[in-house]
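The values are calculated or read from the model by the stated rules, or taken from the named source; none is laboratory data. Treat the numbers as computed from the prediction; the structure is a model and nothing was measured. Cβ sites come from the backbone with ideal geometry, for glycine too, and all protein chains shown count toward neighbours. The area values use the complete protein model at the heavy-atom level, side chains included, leaving out ligands, DNA and RNA. Shrake-Rupley method; radii C 1.70, N 1.55, O 1.52, S 1.80 Å.
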Amino acid sequence: MSVTRRLSVPASLLAVSLLAGCASSAQPEYAPKELVDFDRQVALDSVWSESVGNGLGRAHYPLSPIFANDKLFVGAEGGELEALAADSGDDIWQTRLPAGITSALNADASRLYVGTRDGKVSAVSQEDGSIEWSTRVSSEVLAAPQYNDELVVVQSVDGTVTALDRFTGEEQWAYSATIPALTLRGTGAPRVIQPVTFAGFANGKLVTLDNRSGQELWDLRVAVPAGRTEVDQLVDLDGQPVLTQDGRLFVTSYNGRLIALDARNGESLWDKPSSSYLTPIVVGDYLFSIDNASHVLAMDANTGNVLWKSEDLEGRWLTSPAFVDGKLVVGDYEGYVHLIDAQSGEMAGRYDVGGDGISITPLTEGKRIYVYTNDGELTALDLEAP
C-alpha cells in the first residue's frame, strides 16, 4: 500500500496487505476460505450485462451505481457516466464528465450527485447527463453525496463535511474534524435527514450536526485507538450510520464496536465489540453486519443479541450486505455473488459473475440483483427456483 499517510487501497484489502514501509511481508489475517457445495434454495439467472469504461480503476474507487426512476445510473473511474434501462440494460444516454469519477452516486427525483477527481461535487441531470452545477470542496470525495430538501451534504477524505445548496451548489456551511495521519482508504457517507446530519470520522467519533448552521449538537467516541502498531490503532467509521424510523442509529467502527444509539441525544442503547468498515442493514427486527474477517452476523436489533453467525465466507473480502426476497446478498473478491438465508444463516445461492472481483454493494429491486464488478461489468441477475 502507498500512502500520503493514508491507506490508498480499499479497506477490504487491509486483511491481505499492510501499508508499504510498515510491513514488508504481510500475511493475511484471515485466509480466504474455499467455497464448498451446498443445497441451493434459489438459482440466479443473468438477464443482461453492460461494460462501463474501466470500472473502479486501479485505485478501486467506490463507484456504487444508483437505481432511480426505473433507470440505473453508473459511473466509471475515467469519467464515463451512463443511464441504462433497468429492465433491459439498454443505453439511454452516455456522457463523460470533465474529470474522473471518485464517489458513489446518489439521486433525487431529477438529478444525480457525484464527486470527481478534481475535488468537485456535481449535480447532473437524469434526463440527458448535462451538468447543472459543480462546486469545489475541500478535498476528494469518495462517499456518495447525501441530501435533504435543501442541502447536498458531502464528506471529504480530509475530514470535512460540506453542505451545499441543493439547487445552486453554493456552499452553506462546513465542519472539519481532526483525523489521524494514518486511516483506511475511504470515508463513510453521512446520514442526512431534514434537521441534522450524522457523520462518522476516521478518529473514531460520531458527530451530529445542525443542518441550519453546521454547528455540532453532540458527539460520541465510538472507538478508541489501542494496540501496539499503527494499523492496530485504526478506528475509522467507514460504514454509513443506519437510521430507523423509530429514531435508532446503528454505527460500526474498525477495531471498535457496533453500537445502537438513540439518535436524538446519542445515548447508548446497546453495544458489542466488533471490527467492521462496512455498512450494516436493518430488516424488521434483524440487524445484519459483516466484520473485517468477512463473518456475517445476524443480531436482534433491539438487544444486540447474536441470532446467528456464519463463517462460511471468512476472508473473502465481502461487500456490505443487501437484502432480497428473504436473503442477504454479498459479493466477494473473486467475483462470486452469495445468497444467505436471512433467518438461518445457511447458504442459499451462488453465482459467478467473474471479472476482477466485486467490492461494490449489490443493488436490489424486487427479485432482481444488480452487480457492478471492479473492472466495470454491470450485470442484472434474477432470482429463480433452483
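PHE323 meets all of the listed conditions (1) buried (at least 22 other Cβ atoms within 10 Å of the Cβ); (2) within 16 Å of the chain's Cα centre (by Cα); (3) of a type outside the set (S, T, N, Q) but one, namely (1). Whether a residue is in a loop (DSSP other than H, G, I, E, B) and over 17 Å from the mean Cα position of the chain (by Cα) was assessed, and GLN245 passes this test. Segment 345-386 holds strands (runs of 3 or more DSSP E) entirely within its bounds, and those carrying 2 or more residues that are touching a residue at least 60 places away in the same chain (Cβ under 8 Å) and buried (at least 19 other Cβ atoms within 10 Å of the Cβ) map to 347-352, 368-372, 377-384. May I ask you to verify whether VAL231 is at pLDDT below 95, within 30 Å of HIS338 (Cβ to Cβ) and open to solvent by 20 Å² or more (accessible area, probe 1.4 Å)? Yes: the conditions hold for VAL231. No other residue among VAL157, VAL141 is of a type in the set (A, V, I, L, M) and touching an Asp or Glu at 6+ places or on another chain (Cβ under 6 Å) apart from VAL157.
With respect to being farther than 25 Å from LEU63 by Cα and either aliphatic (A, V, I, L, M) or touching a residue at least 40 places away in the same chain (Cβ under 8 Å) (or both), ALA202 falls outside the description. For the structure I just gave you, tell me whether ASP332 is farther than 18 Å from ALA31 by Cβ and either surrounded by fewer than 22 Cβ atoms within 10 Å (Cβ to Cβ) or of a type outside the set (S, T, N, Q) (or both). Judged against the criteria, ASP332 is not a match.
Per the conditions (1) open to solvent by less than 50 Å² (accessible area, probe 1.4 Å); (2) at pLDDT 95 or above; (3) not β-branched (Val, Ile, Thr), the sole criterion not satisfied by GLN194 is (1). Residues that are within 16 Å of the chain's Cα centre (by Cα) and part of a loop (DSSP other than H, G, I, E, B) were ranked within segment 56-72; the one that is nearest to GLU377 (Cα to Cα) is LEU56. The single condition among (1) crowded, with 22+ Cβ neighbours inside 10 Å; (2) within 21 Å of ASN255 (Cβ to Cβ) that VAL306 does not meet is (1).
Screening GLU140 against (1) within 24 Å of GLY53 (Cβ to Cβ); (2) charged (D, E, K, R); (3) free of Cβ contacts under 8 Å to residues at least 24 places away in the same chain leaves a single unmet condition, (3).
Evaluation of THR183 against the conditions (1) crowded, with 21+ Cβ neighbours inside 10 Å; (2) at pLDDT 95 or above; (3) in a loop (DSSP other than H, G, I, E, B); (4) not acidic (Asp, Glu) shows that the sole unmet condition is (2). With respect to (1) charged (D, E, K, R); (2) modelled with pLDDT under 95; (3) under 18 Å from the mean Cα position of the chain (by Cα), the lone exception for GLU77 is condition (2).
Assessment of segment 84-93 against the conditions (open to solvent by less than 10 Å² (accessible area, probe 1.4 Å), more than 27 Å from ILE193 (Cβ to Cβ) and not in a loop (DSSP other than H, G, I, E, B)) yields at least one matching residue. Checked against (1) open to solvent by less than 10 Å² (accessible area, probe 1.4 Å); (2) part of a loop (DSSP other than H, G, I, E, B), THR178 passes all but a single condition, namely (1). Checked against the criterion of being in a strand (DSSP E or B), closer than 22 Å to ASN203 by Cα and not β-branched (Val, Ile, Thr), segment 314-321 has no qualifying residue.
Taken over segment 200-220, the criterion of being open to solvent by 50 Å² or more (accessible area, probe 1.4 Å) and either at pLDDT below 95 or of a type in the set (Ser, Thr, Tyr) (or both) is satisfied by SER213 alone.
Check whether at least one residue in segment 249-258 is open to solvent by less than 20 Å² (accessible area, probe 1.4 Å), on the phi > 0 side of the Ramachandran plot and modelled with pLDDT of 95 or more, and report yes or no. No, segment 249-258 has no match at all. When segment 279-294 is filtered for residues that are open to solvent by less than 20 Å² (accessible area, probe 1.4 Å) and in contact with a strand residue (DSSP E or B) (Cβ under 6 Å, 6 or more places away or on another chain), the ones remaining, listed by number, are PRO280, LEU287, PHE288, SER289, ILE290.
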